[in-house]
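The values are calculated or read from the model by the stated rules, or taken from the named source; none is laboratory data. Just so you know, these numbers come straight off a predicted model, no measurement behind them. Note that each Cβ is placed from the backbone with ideal geometry, even for glycine, and that neighbours are counted across all protein chains shown. Surface areas here come from the heavy atoms of the whole protein model, side chains and all, with no ligands, DNA or RNA. Shrake-Rupley method; radii C 1.70, N 1.55, O 1.52, S 1.80 Å.
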Amino acid sequence: MKVSKNFQDTEFACKGQAQGKICCDSEMKLNQELIEVVQDIRYYFASSVKITSSYRCPIHNKRVGGVWNSQHLLGTAADIQVSGIAPHEVARILNKK
């Protein structure tokens with residue numbers, strides 16, 4: 001399901017399932033503010049954004065070494081890569097928000 005102009009809900013889903021690994025059957029959490037921030041980054045840089053990790057179920061979070069209180073568990077965090085843009089430049093823009 002489309003959650004913004006350029007993103008589908010599956011892009012924010014737990015990646016453990018996508019890797020064919022058994023995860024818990026917890027319901028994915030989507031945060032509208034996070035979706036808007038990622039979409040804003042897409043608009044700002046006019047470049048594609050790959051979400052490498054967003055919501056993580058507790059099993060997958062533990063598997064990847066995430067902390068017990070990770071924002072990924074709440075669906076309020078996303079690790080992203082912006083095509084053609086250095087990570088420090090993306091961070092600089094995000095820190096201005």
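Before moving on, here are some points about what is shown:
- Computed on the Cα trace of the chain, the radius of gyration divided by the Kirkwood hydrodynamic radius gives Rg/Rh = 0.97.
- Extension gain, residue 79 to residue 5, is 24.7 nm, computed as 0.36 nm per intervening residue step minus the present C-alpha separation.
- Among 39-48, 72-81, sorting by the average number of other beta carbon atoms lying within 10 angstrom of each residue, highest first, gives 72-81, 39-48.
- Nearest 10 degrees, 0 to 90: helix 32-45 Cα axis against the chain principal axis: 40
- Percent carbon-and-sulfur accessible area, the chain, ignoring ligands, DNA and RNA, probe 1.4 Å: 53
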